[in-house]
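The values are calculated or read from the model by the stated rules, or taken from the named source; none is laboratory data. Just so you know, these numbers come straight off a predicted model, no measurement behind them. Neighbour counts are summed over all protein chains in view; Cβ atoms, including those assigned to glycine, are modelled from backbone coordinates with ideal geometry. Protein only, heavy atoms only, side chains kept; ligands, DNA and RNA dropped before computing areas. Shrake-Rupley method; radii C 1.70, N 1.55, O 1.52, S 1.80 Å.
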Amino acid sequence: LPVLPLRDVVVFPYMVIPLFVGRDKSIRALETAMETDKRIVLVAQKSAETDDPGADDIYEVGALAQVLQLLKLPDGTLKVLVEGIGRARVGGVAERDGTLVAEVEELPEHVDRDERELEAVARSLQGLFEEYVKSNRKLPAELMQTRAGIDEAGRFADTVAAHLGVRLTDKQRLLEMRGIGD
């Protein structure tokens, strides 16, 4: 699949995010995705300063994503709306036809806790997240309404992780956790 290296952002499953893309390889990666099944792998760069990232410059785990919308802007850049649909491990990263591509292994979520323990942890996390949202002016209050519609513990954990104000390396570490109990 085509690979889109991201500067200063980690995308999680179920996250919908607009991205502005201007690098030639990245534009070609999106065009390749649009020509096929609209799937692409979004992987954070280890350093935002790297202008032409290769295999050693990106993390091994990213988000498998679906391109929802793509708009070409007058300056030649692209505005793209993507949705994370799962975790993915990238391997065999190479450049082909001017774009990064990789062999992709989807990483299924797993749960290592019993149902009652999971419900207790989820209730506790919900209370803490509610306090966090109320105290953080950068987050919309509607985020708690969004939370009310999420029944799956893993999906809720990803939603919380996506909205935490932590360093990129910490978010990346959270993405690399594949489930409740990691």
Assess whether ILE40 counts as being in contact with a Leu (Cβ under 6 Å, 6 or more places away or on another chain), modelled with pLDDT of 95 or more and either of a type in the set (Val, Ile, Thr) or closer than 19 Å to GLY91 by Cα (or both).
yes
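For the stretch 52-72, enumerate the residues that are in a loop (DSSP other than H, G, I, E, B) and modelled with pLDDT of 95 or more.
Listed by number, the residues that qualify are TYR59, GLU60.
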Would you check which residues across the stretch 48-78 are open to solvent by 90 Å² or more (accessible area, probe 1.4 Å) and either out of contact with any Lys or Arg (no Cβ under 9 Å at 6 or more places or on another chain) or of a type in the set (Gly, Ala, Ser) (or both) and list them?
PRO74, ASP75
Count - residues of the stretch 79-92 that are open to solvent by 40 Å² or more (accessible area, probe 1.4 Å) and touching a residue at least 40 places away in the same chain (Cβ under 8 Å)
4
